[in-house]
Ligand code: ADP
Ligand code: MG
């Protein structure tokens, strides 16, 4: 997943804690293998995972996949429909155009983008949960689960920690955080929301208990060409960077949902994003625009403390 995964558990039995940690890390490794688009490192030597198989069989034949892969795809498709395709896991060809994942990063020509865009459409994915198969009907189509895999892995890792008896834990996987239970002193976990324009500083502190907070930003993966920043969150309606926001944070019980939604809201922008997420029960969001204006959903205000740093202004 190209990120550092940090898991903290607090329990009285060290051996039990270590075992729980190992199980949680194993989950991340498993989901990484299933969802990776490129064979690299130790993956290159092991058998290809589901996404590599699905993409390799595009236009040819349905591929038998694991239950996890079917679940990730189904949840992604659910939100793809709800957001009118702002979240679209068939974004693979466009990511390749821009060179995210592999290859050289450069600004592709408009013709390249429109050619790739003709292969991007979540409605074409044929997932059959009964048979456990997935089929991309057109050659050249490819899945990219980069906007959801970390969140899903997080939920499964949390499940493993709970099953191992852990009551207090904090997981952080590159902008994707889960607070299991409270801190040992009974207080909620506190998690900083990074300042999108000042690395190492924080804009606000979130209080979390048994929930996930996932942040997407235009600073996580990008390249610059002629002074313009080209980042890795793409609006599937244009094939180009979504630019109405610079950072989104979503809080929800499910890290899978929060991960998908952080990417989706980034694409939807402040106006459509806020009206969409305000209607989703149990889901909060903090959206930051390029003008440093911050929108917060009503239900999240009580859990947030702004630091006042960086010149950000809360609207609404
Ligand atoms: P991060 O990977 O930094 O945590 P995100 O969760 O926002 O950030 O995911 C961004 C990744 O999602 C991209 O690297 C790409 O793999 C994928 N992606 C980009 N745009 C979209 C989109 N519109 N819909 C679905 N996935 C996307
Ligand atoms: Mg995401």
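The values are calculated or read from the model by the stated rules, or taken from the named source; none is laboratory data. Note that the structure is a prediction, hence the values are computed from the model and not measured. All Cβ positions, glycine included, derive from the backbone under ideal geometry; neighbour counts span all protein chains shown.
Of the conditions (1) surrounded by fewer than 20 Cβ atoms within 10 Å (Cβ to Cβ); (2) within 28 Å of residue 71 (Cβ to Cβ); (3) out of contact with any helix residue (DSSP H, G or I) (no Cβ under 9 Å at 6 or more places or on another chain), residue 224 fails just one. Which one is it?
(2)
Here's the yes/no breakdown for (1) assigned by TED's automatic domain parsing to the domain that holds residue 82; (2) part of a helix (DSSP H, G or I):
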site: 123; (1), (2): yes, yes
site: 127; (1), (2): yes, no
site: 130; (1), (2): yes, no
site: 141; (1), (2): no, no
site: 145; (1), (2): no, no
site: 153; (1), (2): no, yes
site: 158; (1), (2): no, yes
site: 162; (1), (2): no, yes
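Please verify whether region 61-70 includes one or more residues that are free of Cβ contacts under 8 Å to residues at least 12 places away in the same chain, out of contact with any helix residue (DSSP H, G or I) (no Cβ under 7 Å at 6 or more places or on another chain) and surrounded by fewer than 19 Cβ atoms within 10 Å (Cβ to Cβ).
no
With (1) within 16 Å of ligand 2 (Cβ to nearest atom); (2) within 18 Å of residue 50 (Cβ to Cβ) as the list, and residue 100 as the residue in question, which single condition is left unmet?
Failing condition for residue 100: (2).
Looking at region 27-59 only, could you name the residues that are more than 23 Å from residue 140 (Cβ to Cβ), at pLDDT 95 or above and in contact with a helix residue (DSSP H, G or I) (Cβ under 8 Å, 6 or more places away or on another chain)?
Those that are more than 23 Å from residue 140 (Cβ to Cβ), at pLDDT 95 or above and in contact with a helix residue (DSSP H, G or I) (Cβ under 8 Å, 6 or more places away or on another chain): 27, 28, 30, 31, 32, 33.
Every residue in region 234-248 that is touching a residue at least 60 places away in the same chain (Cβ under 8 Å) and buried (at least 20 other Cβ atoms within 10 Å of the Cβ), please.
The answer is 234, 235, 236, 239.
State whether one or more residues within region 202-209 are on the phi > 0 side of the Ramachandran plot and more than 16 Å from ligand 1 (Cβ to nearest atom).
no
Just for strands (runs of 3 or more DSSP E) wholly inside region 193-305: which have at least 3 residues that are away from ligand 2 (no atom under 13 Å from the Cβ)?
202-208, 222-225, 228-231, 284-288, 293-296
Of 261, 268, which residue is crowded, with 18+ Cβ neighbours inside 10 Å, in contact (Cβ under 8 Å) with a residue 60 or more places away in the chain, within 28 Å of residue 116 (Cβ to Cβ) and out of contact with any strand residue (DSSP E or B) (no Cβ under 6 Å at 6 or more places or on another chain)?
Going through 261, 268 in turn, just one is crowded, with 18+ Cβ neighbours inside 10 Å, in contact (Cβ under 8 Å) with a residue 60 or more places away in the chain, within 28 Å of residue 116 (Cβ to Cβ) and out of contact with any strand residue (DSSP E or B) (no Cβ under 6 Å at 6 or more places or on another chain): 268.
For every residue, the table says whether it meets (1) surrounded by 15 or more Cβ atoms within 10 Å (Cβ to Cβ); (2) more than 19 Å from the chain's Cα centre (by Cα); (3) under 30 Å from residue 276 (Cβ atoms).
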| position | (1), (2), (3) |
| --- | --- |
| 33 | yes, no, no |
| 50 | yes, no, yes |
| 58 | yes, yes, no |
| 73 | yes, no, yes |
| 86 | yes, no, yes |
| 89 | yes, no, yes |
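Among the numbered criteria (1) surrounded by fewer than 19 Cβ atoms within 10 Å (Cβ to Cβ); (2) at pLDDT below 95; (3) within 25 Å of residue 285 (Cβ to Cβ); (4) within 16 Å of ligand 1 (Cβ to nearest atom), which single criterion is violated by residue 100?
Result: residue 100 passes all but (1).
Determine, yes or no, whether residue 241 is over 22 Å from residue 208 (Cβ atoms) and within 14 Å of ligand 1 (Cβ to nearest atom).
Answer is yes for this residue.
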